[in-house]
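First the structure, in the form of structure tokens, and then the observations on it.
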Amino acid sequence: QVQLAESGGGLVQAGGSLRLSCAASGRTFSSYAMGWFRQAPGKERERVAAISWSGSSTSYADSVKGRFTISTDNAKNTVYLQMNSLKPEDTAVYYCATGSSFRTLGSWGQGTQVTVSS
């Protein structure tokens with residue numbers, strides 16, 4: 001089992017930047033991929049980005065492509081989400097996840113709130 005701990009959320013003005021971190025611990029040898037999801041009240045959960053631990057594969061939602069960048073620091077067992085040019089519609093709780101493939105990301109962290117003001 002992998003334990004995930006998100007951090008870095010907060011309040012930022014539209015057009016600003018924020019970097020989220022997710023530290024993984026436990027049985028990380030079973031993890032192939034990491035990802036970030038978000039969910040706002042009344043909306044479906046959305047996968048915003050995913051990456052293999054090797055860094056060879058990445059995936060982004062169309063809504064964040066060109067603005068967000070996912071990366072890993074393998075020495076620290078940490079995945080990051082760099083968010084630039086933030087918009088009010090980016091406001092949500094952001095969750096880190098892991099799994100054996102991009103399609104099966106389903107072990108979740110506690111989440112961190114991101115609020116973008118206009």
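Taking amide H positions as modeled 1.01 Å from N, with prolines and chain starts lacking one, the residues under 5 Å from Gln3 and 5 or more places away or on another chain are Ser25, Gly26, Arg27. Classify the range 24-82 from the C-alpha gyration tensor, please: rounded if a/c falls under 1.5, else prolate or oblate depending on whether a/b exceeds b/c. Note, shape of the range 24-82 comes out prolate. The slack in the chain from Ala5 to Thr28, taken as 0.36 nm per residue of separation less the alpha-carbon distance, amounts to 7.0 nm. With all protein chains kept in place, the per residue accessible area of the chain amounts to 52 square angstrom at a probe of 1.4 angstrom. Rounded to the nearest whole Hz, the Karplus-based 3J(HN,Hα) values (6.51 cos²θ - 1.76 cosθ + 1.60, θ = phi - 60°) of the range 7-16 follow the sequence 7, x, x, x, 9, 9, 7, 3, x, x, with x at glycine and proline.
Note on the chain: percent of Cα-Cα distances in each 5 Å bin, starting at 0 and stopping at the bin with the largest distance, equals 2, 13, 24, 26, 19, 10, 4, 1, 0.
Take every Cα pair under 8 Å whose residues are at least 6 apart in sequence, average their separation, divide by the length of the chain, and the relative contact order is 36 percent.
The fraction of all Cα pairs in the range 76-116 landing in successive 10 Å bins from 0 to the largest distance is 24, 46, 29, 1, given as whole percents. Rg and Dmax of the range 1-52, both derived from C-alpha coordinates alone, stand at 13.4, 38 Å. Modelled spin labels at Ser59 and Arg103, positioned 7 Å past Cα toward Cβ, are 0.9 nm from each other. Using θ = phi - 60° in the Karplus curve 6.51 cos²θ - 1.76 cosθ + 1.60, the 3J(HN,Hα) couplings for the range 48-59 round to 9, 6, 8, 8, 7, 4, 5, x, 6, 10, 9, 8 Hz; x is entered for Gly and Pro.
Pick out which of Arg45, Arg67, Arg103 has the largest mean-square fluctuation in a Gaussian network model of the chain, springs linking Cα atoms closer than 10 Å. In this elastic network of the chain, the residue with the biggest mean-square fluctuation among Arg45, Arg67, Arg103 is Arg103.
The values are calculated or read from the model by the stated rules, or taken from the named source; none is laboratory data. What you see is a predicted model; the values in this text were computed from it and never measured. Counting neighbours? That spans all protein chains shown, and the Cβs are built from the backbone with ideal geometry, glycine included. Ligands, DNA and RNA are excluded from the accessible area calculation, which covers all protein heavy atoms including side chains. Shrake-Rupley method; radii C 1.70, N 1.55, O 1.52, S 1.80 Å.
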